[in-house]
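Here's the structure we're looking at; comments come further down.
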Amino acid sequence: VSSESSSRAITLDLKNFVMTPATRKREVRLSELKDYFSDPEAADKILSSGRDPVVYEYYEYVVEESAGHLSLGLTIIYPGKVGKEYFMTRGHFHLKPAAEFYYGIRGRGMLLIQSEDGRVEYVELRPGVIGYVPPGWGHRTINTGRAMFVFFFAYPSDAGHDYGIVKEKGFAKIVIEEKGRPKVVDNPKYTSSTI
Ligand code: F6R
Ligand code: ZN
């Protein structure tokens, strides 16, 4: 398969954090994410003050959603917290056992991964650090710093995304701020040992 678009140069503007070209750009606001946080009442408090901040946004360039291709993208997670829990992505599993990597560009964050049987591991991401998601592991990223957390990602285009499991059960661990520092703790709402 060859097409003109697949040979086009893709540019990451590392000053303004824009990726061009992109086939998709999405902004996710707090109102959409409320129930993913361990303290939705804290989210309600922010929302009822009339604010609905963008928690994260991402660009994606999908050449073709078929086997053999890669999808590339740039995610920006803004600094902030809901209660004690840091701003984060929804998180998902891939429908196919497809790996993914994240390359830290700016700020500080964490990549939390969880196996299908509920084991959790995490890696701290900062500029120049690569986080690896093995095939079959769910993943979420968290901004644990006070500035924007920005990373580049790539994964097989035909991986697919399953958001349902995380929406229903969350991850076994959450990342909170304690005494001014990030801490990975058990998710009080996580009930099942297997997902
Ligand atoms: C793609 C991937 C990331 C996320 C992005 C937003 O497979 O893992 O690019 O899509 O960081 O997070 P989600 O998709 O969980 O809202
Ligand atoms: Zn993914």
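The values are calculated or read from the model by the stated rules, or taken from the named source; none is laboratory data. All figures in this text were calculated on a predicted structure; none of them were measured in a lab. Neighbour counts run over all protein chains shown; Cβ positions are idealised from the backbone, glycine included. Accessible surface areas use protein heavy atoms only, side chains included; no ligands, DNA or RNA. Shrake-Rupley method; radii C 1.70, N 1.55, O 1.52, S 1.80 Å.
The set of residues in segment 160-186 that are surrounded by fewer than 19 Cβ atoms within 10 Å (Cβ to Cβ), assigned to a loop (DSSP other than H, G, I, E, B) and within 16 Å of ligand 2 (Cβ to nearest atom) comprises G160, Y163.
Counting only residues that are part of a strand (DSSP E or B), open to solvent by 40 Å² or more (accessible area, probe 1.4 Å) and away from ligand 1 (no atom under 12 Å from the Cβ), segment 62-84 holds 1 of them. Could you tell me whether segment 112-128 includes any residue that is within 13 Å of ligand 1 (Cβ to nearest atom), acidic (D, E) and either modelled with pLDDT under 95 or out of contact with any Ser or Thr (no Cβ under 8 Å at 6 or more places or on another chain) (or both)? Within segment 112-128 (the criterion being within 13 Å of ligand 1 (Cβ to nearest atom), acidic (D, E) and either modelled with pLDDT under 95 or out of contact with any Ser or Thr (no Cβ under 8 Å at 6 or more places or on another chain) (or both)), the answer is no, since none of the residues qualifies. When V28, V82 are checked against the criterion of being modelled with pLDDT of 95 or more and under 30 Å from A9 (Cβ atoms), a single residue qualifies: V28. Scanning segment 123-169 for residues that are of a type in the set (G, A, S) and free of Cβ contacts under 8 Å to residues at least 40 places away in the same chain yields G128, G131, G164.
In segment 90-106, of all residues being open to solvent by less than 20 Å² (accessible area, probe 1.4 Å) and in a loop (DSSP other than H, G, I, E, B), the one that is nearest to ligand 1 (Cβ to nearest atom) corresponds to G91.
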